[in-house]
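Presented below is the structure to which this report refers.
The values are calculated or read from the model by the stated rules, or taken from the named source; none is laboratory data. Nothing here was measured: the structure is a model prediction, and the numbers come from that model. Ideal geometry is used to build each Cβ from the backbone, glycine not excepted, and the neighbour counts take in all protein chains shown. Areas reflect the complete protein model, heavy atoms only, side chains present, ligands, DNA and RNA absent. Shrake-Rupley method; radii C 1.70, N 1.55, O 1.52, S 1.80 Å.
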Amino acid sequence: MAGKNSGSKKRQGGAAKGQPSWTPYLVAIGVAVLALAVYSLMNPMPAEDRQQRSPKASGQSVAQLEAQMRQLATSLGAVGKQGEGTQSKVFKQIQAMADAAQDTLTRSEAAGSDEERRAILEAGLAAKAEWLSLMTGQTDRLHAEEEEEQKERDPLKPSASSDVASLTDSSFAGYIQKNRYAMVEFYAPWCGHCKKLAPDYAKCAAEFKGRAGFAVVDATVETQVARIFGVGGYPTLKWFVRGRPIEYNGPRLAEKISSWVEERLKPAYSEVEASDDWSEALEVAGGLTAICAGSGPQSSELLKTFEAAAEHLRGKKLLFLWTASEAEGAIVLHKLGSEPESCAAAAGACKTAEDYIAWLIKAWG
């Protein structure tokens, strides 16, 4: 079985043998389209209009028209040469456009008068609108073919229009930084459970669009980020709050994931008025064993640390209460029958969220 899975990974890791990559073609078309679009903006008048107006109606001299055509021929020719030795229709079409532009220049140079040269150049430049339309159509067709081939190679990778983002080693950190809340699925293209989860996951992504990010990572390709987060099986789902991961171990069904995320979007702590004595609150709060009380400015790093600790210990018999204050902040643990404890007073005073979480777990336990 292991050998079978290993082979599947290899096949799914890249394009299947014999499958073309459309990227060079799309790049070539992009350059050609850009050149055509630029010269369309420089001389946008339709051919019919130019024929009905005076020779000076375009507002450009014969020399300017000739310079446009020469630059167009050069740009298209440079792109067309990239396809030399290939059977690509795309490159052949671009080279044909370059040849047509060069032919226009040749005929213009052989003309007997400026009026004749102008007519030849304007007619030649008018063809670029048709060329632009042709190249745009080629781009759309190749994009569609590339997306179809991508689905065959990696059926779990979301399309560009999906509400699910596809992350790489290089884009992961930026996405997590941009999204305060995000669910990330680490998958393998050959994984049957991942394929079964895909429609439910996409449904949740659509439901929480604008409230929480939903993304996927092909862990067989993006190995660095998978290693950082200790991914050992597929699918692995992790919920990120301000960049801190929390494992999702619930059922892999849309309604279960949805209800779990909905709860996680609620604050893990409550904001309350200041108090000097939390013992009474502990006595009346059934089942609670401790209160973690924090205070400080709302824009402070301490609040982010407090929030991270509350999120990490969400669902435990530990109540997190925050009081907004302009004074210097503090996080204090109150337990029944014990004196209040502060991490700052403990050995190795807390400096990071990890320090506070480790201290809380030890002091509370």
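What to note about this one:
- Lone qualifier among Ala290, Ala308 - being surrounded by 14 or more Cβ atoms within 10 Å (Cβ to Cβ) and under 24 Å from Arg211 (Cα atoms): Ala308
- When each of Val241, Val221, Val184, Val216 is tested for being at negative phi, of a type in the set (A, V, I, L, M, F, W, C), open to solvent by less than 20 Å² (accessible area, probe 1.4 Å) and at pLDDT below 95, the lone residue that passes is Val241.
- Counted residues, region 343-362 - those being modelled with pLDDT under 85 and either small (Gly, Ala, Ser) or in a loop (DSSP other than H, G, I, E, B) (or both): 9
Yes/no per residue for (1) hydrophobic (A, V, I, L, M, F, W, C); (2) closer than 30 Å to Gly294 by Cα:
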{"site": "Pro189", "(1), (2)": "no, no"}
{"site": "Asp200", "(1), (2)": "no, no"}
{"site": "Cys204", "(1), (2)": "yes, no"}
{"site": "Gln224", "(1), (2)": "no, no"}
{"site": "Arg227", "(1), (2)": "no, no"}
{"site": "Arg244", "(1), (2)": "no, yes"}
{"site": "Leu253", "(1), (2)": "yes, no"}
{"site": "Glu262", "(1), (2)": "no, yes"}
{"site": "Pro267", "(1), (2)": "no, yes"}
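- So Leu72, is it modelled with pLDDT of 85 or more and either surrounded by 15 or more Cβ atoms within 10 Å (Cβ to Cβ) or within 45 Å of the chain's Cα centre (by Cα) (or both): no
- Among (1) at pLDDT 85 or above; (2) surrounded by fewer than 20 Cβ atoms within 10 Å (Cβ to Cβ); (3) under 39 Å from the mean Cα position of the chain (by Cα) - the single one Phe320 does not satisfy: (2)
- Scanning region 268-304 for residues that are touching a Lys or Arg at 6+ places or on another chain (Cβ under 7 Å) and in a helix (DSSP H, G or I) gives a single hit, Lys304.
- Breaking point among (1) in a loop (DSSP other than H, G, I, E, B); (2) surrounded by 15 or more Cβ atoms within 10 Å (Cβ to Cβ), for Glu326: (2)
- Checked against (1) among the hydrophobic types (A, V, I, L, M, F, W, C); (2) in a loop (DSSP other than H, G, I, E, B); (3) within 39 Å of the chain's Cα centre (by Cα), Ala309 passes all but a single condition, namely (2).
- The set of residues in region 97-116 being in contact with a Gly (Cβ under 9 Å, 6 or more places away or on another chain) and open to solvent by less than 80 Å² (accessible area, probe 1.4 Å) consists of Met97, Ala98, Ala100, Ala101, Asp103, Thr104, Leu105, Ser108.
- Candidate set: region 129-154, residues that are surrounded by 13 or more Cβ atoms within 10 Å (Cβ to Cβ) and modelled with pLDDT of 65 or more; chosen: the one nearest to Gly192 (Cα to Cα): Thr136
- Selection status of Ala126, in contact with a strand residue (DSSP E or B) (Cβ under 7 Å, 6 or more places away or on another chain) and either more than 30 Å from Thr220 (Cα to Cα) or at pLDDT 90 or above (or both): no
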